[in-house]
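To keep things clear, I will list the structure first and then write my remarks on it.
The values are calculated or read from the model by the stated rules, or taken from the named source; none is laboratory data. Bear in mind the structure is a predicted one, so any value in this text is a computation, not a measurement. Every residue, glycine as well, gets a Cβ built from its backbone with ideal geometry; the counts of neighbours run over all protein chains shown. Just the protein is used for accessible areas: all its heavy atoms, side chains included, with ligands, DNA and RNA removed. Shrake-Rupley method; radii C 1.70, N 1.55, O 1.52, S 1.80 Å.
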Amino acid sequence: MLDADFFRRWMTATAASVDREAERLTALDSPIGDADHGSNLQRGFTAVTATLEKEAPDTPGAVLMLAGRQLISTVGGASGPLYGTLLRRTGKALGDGVEVSDQELTDALRAGVDAVMQLGGAAPGDKTMVDALVPAVDALGDSFAAARAAAEEGALATTPLQARKGRASYLGERSIGHQDPGATSSALLIAALAEAAGESGE
C-alpha cells in the first residue's frame, strides 16, 4: 500500500529530476516551442516541494491535489494547467484514504491522463505529453519499472511525428525530427514514480 510519504517522495524525486534535466527540456523546447519548458517546470516543482514541506498533507490524494494547485499557480504557459490538472485529477480520484493500492493509483492516474486529454484536446500520436503518459498508465498494471520504460519509449517515439496540438503544431512539417519536450518531462515524472517505489530500472 502507498501512503502520503510515498507520494511526497514521488514529487521530491520529480523536482530533483526536473532540476537536473531543465536545460535539456528547454533545449528540446527551443526549436518547436517557447524555449522555457525546463525553466517553467523547474520553478513549479521547486515550489511544490517547498509547499509540501511546509504543509505536509496526510493523505495521498491531498499530496497530489496540493502539488497540482501549486503548479497551476506558479508555472506559465500550457505546462502549469496541464500538469496541474494531471496531478489534481489523479489526487481527486484517489479520494481521502490514508493508503492506496497500486491498482487504485493506476486507475486514478488514468483519470488524470483522461483529464489532460480533455483539457488539451490531444490524443496519442499528436506529439504531446499524452504520448508518454498513455503507454505509462497502460504498463503501470505490470510494474512501476514497466511504466517508466513505456513512458521513455513513448517520448522517444514523438521525434518522427508531426505535431498536431500546442505551440509546435504551428510549425507543421518543421516539427518533425524533434522530440516533444512535454512527453520528455512526462517520462521524467513517471521515472520519478518508479524511483519512489524503488523500481528505478537502473
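Restricting the first member to the range 53-80 and to residues that are closer than 19 Å to residue 98 by Cα, and the second to residues that are polar (S, T, N, Q) and buried (at least 20 other Cβ atoms within 10 Å of the Cβ), the beta-carbon pairs closer than 6 Å and six or more apart or on different chains are 64/90. Could you grab me the full set of residues in the range 158-199 that are open to solvent by 40 Å² or more (accessible area, probe 1.4 Å), free of Cβ contacts under 8 Å to residues at least 60 places away in the same chain and either in contact with a strand residue (DSSP E or B) (Cβ under 8 Å, 6 or more places away or on another chain) or under 30 Å from residue 6 (Cα atoms) (or both)? Hits for the range 158-199 are 198, 199. When residues in the range 132-177 are screened for being outside any helix (DSSP H, G or I) and of a type outside the set (D, E, K, R), 12 of them pass.
Scanning the range 137-147 for residues that are at pLDDT 95 or above and surrounded by fewer than 21 Cβ atoms within 10 Å (Cβ to Cβ) gives 138, 142, 143, 145, 146.
Every listed requirement among (1) over 21 Å from residue 196 (Cα atoms); (2) at pLDDT below 95 is met by residue 69 save one, (2). Listed by position, the helices (runs of 4 or more DSSP H) contained in the range 1-102 that have at least 3 residues being surrounded by fewer than 20 Cβ atoms within 10 Å (Cβ to Cβ) and basic (Lys, Arg) are 4-29.
Restricting the search to the range 115-131, which residues are in a helix (DSSP H, G or I) and open to solvent by less than 20 Å² (accessible area, probe 1.4 Å)? Of everything in the range 115-131, those that are in a helix (DSSP H, G or I) and open to solvent by less than 20 Å² (accessible area, probe 1.4 Å) turn out to be 115, 116, 130, 131. Residue 134 meets all of the listed conditions (1) open to solvent by 30 Å² or more (accessible area, probe 1.4 Å); (2) of a type in the set (A, V, I, L, M); (3) over 13 Å from the mean Cα position of the chain (by Cα) but one, namely (3). If you check residue 14 against the conditions, is it touching an Asp or Glu at 6+ places or on another chain (Cβ under 6 Å) and among the hydroxyl-bearing types (Ser, Thr, Tyr)? No, not satisfied.
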